[in-house]
Amino acid sequence: VALRTAEIIAVGSELLGTTRIDTNSLYITDRLSGLGIEVHVKSVVGDDRSDLAAVFRQALTRADVVVFTGGLGPTDDDLTREVVADVLGLPMTLDEAILDKIRARFARRGLTMPEVNRRQAQVPRGAIVLDNPNGTAPGLFLDHEGHAVVLLPGPPREMQPMFDGVCAGPLSERAGAERIYRTSLFITGLGESHVEQAAQPIYARWRDGSPPMATTILAAMGQVELHLSVRDADGARARRMLDDARGELLGALGEHVYSTDGRKMEEVVGDLLKARGLTIAAAESCTGGLLMSRLTDVPGSSAYVRAGVIAYDNADKQRLLDVPEALLAQHGAVSEPVAVAMAEGIRARTGADVAVGITGIAGPGGGTPQKPVGTVVISVLAPGADAYVRTFQFIGERTQVKFQSTQAALNRVRRMLADSR
Ligand code: AMP
Ligand code: MG
């Protein structure tokens, strides 16, 4: 029977501390997914024999594939090899060919192999040895009563090429023909529960389809994401199902969907500007340049980004953006007339086609009853569209308010460019 489910066990006491994090499992998950094998459980376990054995035994009760990373080193705290052999009841023998390779590796650097490295040449009976061109520890692959057990070294640069080899070789032979196909929709300007309400009746139907579609809703900063996936041996059918479901969701969520191909907001806006041959400039106060930073994160953005001014101080809003002193005095810096004047100022100074003005109170201080923390005013000017200005009330701490402000501003640029097409 084909392998379908996997469990990852990251081994190393250092991974339980505060200075190292398990990243190998992300790489492994991605590669397994390419073979249609889904990770259901993963754990991080210290260098302890009984903990490791217990987690491994449990994994064998629920996963087809068990992948270990770490604990294959030459020292006493490297236990993965021994624990796996022990739990599976496999005797270990010394593999002379591995020993020769390790010796040769030391010899190339003019060193003799320390005796402790002999451990790394121990192989459980029946294991396939996985060559390690980037280190001393070889990996191991075991078929055991319908399970595949993979032992990989911890250092990412050793683990990655080795696991690629396992996926191309023994795992792909045992994985069957089914693959996982995915699509996603990124939504902004609607809360998670509103998205859920609109999407629920649609994906409830696809979930009960054949093959069933898996759906996930994720609330992220400034956006909600819908992820759809189908496991199928027939790639064309899976793609068609995902396209149809995406089409229905687009119909229900409309212009709130900004991306259906994984592109970030700044890429979507950049692509629209490029397609229309337009340039953009921004006058930012509370976002401190974050809008410009996001726009310029995109390679090739020099084709449409003109300039940004960060005018935090009122005097600089006058000096650099020509915001009239009277407006500031009459309405305050966080006000719709000032946001519009900032956008007009940067447009006049740069000649950019699209201009953004952002002014607000990111907190934690500076709020008043009339203008509490999170009050942000955004103005956007674009050719062929009426001037836009709106006061938002964002929730969250400083960095969240800043990000949401740039997300709302970019989203408004997107919608104005799409509407005035
Ligand atoms: P080991 O194979 O246990 O000797 O691991 C050696 C080194 O690999 C560790 O000190 C970490 O720097 C790195 N490493 C081990 N496990 C992981 C993991 N799960 N993710 C990322 N790096 C790891
Ligand atoms: Mg270790």
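Readers should treat all values here as calculations from the given coordinates under stated rules, not as data from a laboratory. Remember, it's a predicted structure, so these values are computed and weren't measured experimentally. Quick reminder, even Gly has a Cβ in these numbers, built from the backbone with ideal geometry, and neighbours come from all protein chains shown.
If you go through region 115-132 and pick out every residue that is outside any loop (DSSP other than H, G, I, E, B), touching a residue at least 12 places away in the same chain (Cβ under 8 Å) and loosely packed, with under 14 Cβ neighbours inside 10 Å, you end up with 1. Annotation note: of Thr216, Thr188, Thr183, Thr260, the sole residue that is touching a Phe, Trp or Tyr at 6+ places or on another chain (Cβ under 7 Å) and of a type in the set (Ser, Thr, Tyr) is Thr188. Counting the residues of region 1-55 that are more than 23 Å from Leu88 (Cα to Cα), free of Cβ contacts under 8 Å to residues at least 40 places away in the same chain and away from ligand 2 (no atom under 16 Å from the Cβ) gives 4. Could you please find all residues in region 321-340 being in contact with a helix residue (DSSP H, G or I) (Cβ under 8 Å, 6 or more places away or on another chain) and closer than 27 Å to Gly277 by Cβ? Hits for region 321-340 are Leu321, Asp322. Residues of region 374-384 that are of a type outside the set (Ser, Thr, Tyr) and either closer than 16 Å to Glu336 by Cα or surrounded by fewer than 16 Cβ atoms within 10 Å (Cβ to Cβ) (or both): Gly374, Val376, Val377, Ile378, Val380, Leu381, Pro383, Gly384. The residue pairs whose first member lies in region 317-339 and is on the phi > 0 side of the Ramachandran plot, whose second member is not in a helix (DSSP H, G or I), and whose beta carbons are closer than 8 Å, counting only pairs six or more residues apart or on different chains, are Gly332/Lys371. If only residues of region 1-27 that are under 24 Å from Gly235 (Cα atoms), more than 9 Å from ligand 1 (Cβ to nearest atom) and of a type outside the set (Gly, Ala, Ser) are counted, the one that is nearest to the chain's Cα centre (by Cα) is Thr5. A count restricted to region 139-165 and to residues that are over 27 Å from the mean Cα position of the chain (by Cα) and either more than 12 Å from ligand 1 (Cβ to nearest atom) or assigned to a helix (DSSP H, G or I) (or both) stands at 10. Residues of region 208-225 that are touching a His at 6+ places or on another chain (Cβ under 8 Å) and buried (at least 18 other Cβ atoms within 10 Å of the Cβ): Thr215 alone.
Taking the numbered list (1) touching a helix residue (DSSP H, G or I) at 6+ places or on another chain (Cβ under 7 Å); (2) crowded, with 23+ Cβ neighbours inside 10 Å in turn, Ser405 passes all entries but (1).
A quick yes/no check of all residues on (1) farther than 25 Å from Met221 by Cα; (2) aliphatic (A, V, I, L, M):
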position: Glu325; (1), (2): yes, no
position: Thr375; (1), (2): no, no
position: Ile378; (1), (2): no, yes
position: Thr391; (1), (2): no, no
position: Ser405; (1), (2): no, no
position: Ser420; (1), (2): yes, no
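For region 265-283, the set of residues classified as touching a residue at least 40 places away in the same chain (Cβ under 8 Å) and not in a strand (DSSP E or B) consists of Met265, Glu266, Val268, Val269, Leu272, Leu273, Arg276, Leu278, Thr279, listed by residue number. What do you reckon, is Val309 within 24 Å of Leu273 (Cα to Cα), of a type in the set (A, V, I, L, M) and either touching a Leu at 6+ places or on another chain (Cβ under 6 Å) or free of Cβ contacts under 8 Å to residues at least 40 places away in the same chain (or both)? Against the criterion (within 24 Å of Leu273 (Cα to Cα), of a type in the set (A, V, I, L, M) and either touching a Leu at 6+ places or on another chain (Cβ under 6 Å) or free of Cβ contacts under 8 Å to residues at least 40 places away in the same chain (or both)), Val309 qualifies. Which residues, taken from region 223-269, are of a type in the set (D, E, K, R), more than 23 Å from the chain's Cα centre (by Cα) and over 23 Å from Ile280 (Cβ atoms)? Asp232, Asp234, Arg237, Arg240, Asp244, Glu248, listed by residue number.
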